[in-house]
Amino acid sequence: MDVTTRDGNKNRFAGKFDVSTFGAKALLEGPIHKQKNEDDASATFLFSIKNSYLAQSSKIFYSYIDENGLPYNYLDIYGKIAVNAPTEAR
């Protein structure tokens, strides 16, 4: 299995936020050190968090579920810092 993750945005700070009846997630990314020219180093960050609240929301949204709700919960936190070394002069 080959798992590859992406680097953060090299040009600007960006983010996403999503909410549903099952959970919420947020993503923040951006440059730590911007690449000024092609031979310069760069560094980026990416941070993501996901959380479920299905055990609580299932009692409200799904009337056929018993009073205990659904037994599914998760919390996922992920972070990455990527440093791209400068290219050597040819």
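The values are calculated or read from the model by the stated rules, or taken from the named source; none is laboratory data. Being a predicted model, the structure only gives us computed values, none of them experimental. Glycine gets a Cβ as well: all are built from the backbone with ideal geometry, and neighbour counts include every protein chain shown. Only protein heavy atoms, including side chains, enter the accessible area calculation; ligands, DNA and RNA are left aside. Shrake-Rupley method; radii C 1.70, N 1.55, O 1.52, S 1.80 Å.
General observations
- Evaluated over the chain, the count of Lys pairs having alpha-carbon atoms less than 17 Å apart is 10 (only pairs 8 or more residues apart or interchain).
- Entry for percent of Cα pairs over 19 Å apart (calculated from the structure that is shown) out of [x] 46; [y] 58; [z] 72: [y]
- Ranked by how many other beta carbons lie within 10 Å on average, peptides 43-55, 19-31 from highest: 43-55, 19-31
- Of all accessible heavy-atom area on segment 1-42, the percent that carbon and sulfur account for (1.4 Å): 53 percent
- Distance in nm between pseudo-label sites at ASN73 and ASN37 (7 Å out along the Cβ direction from Cα): 5.5 nm
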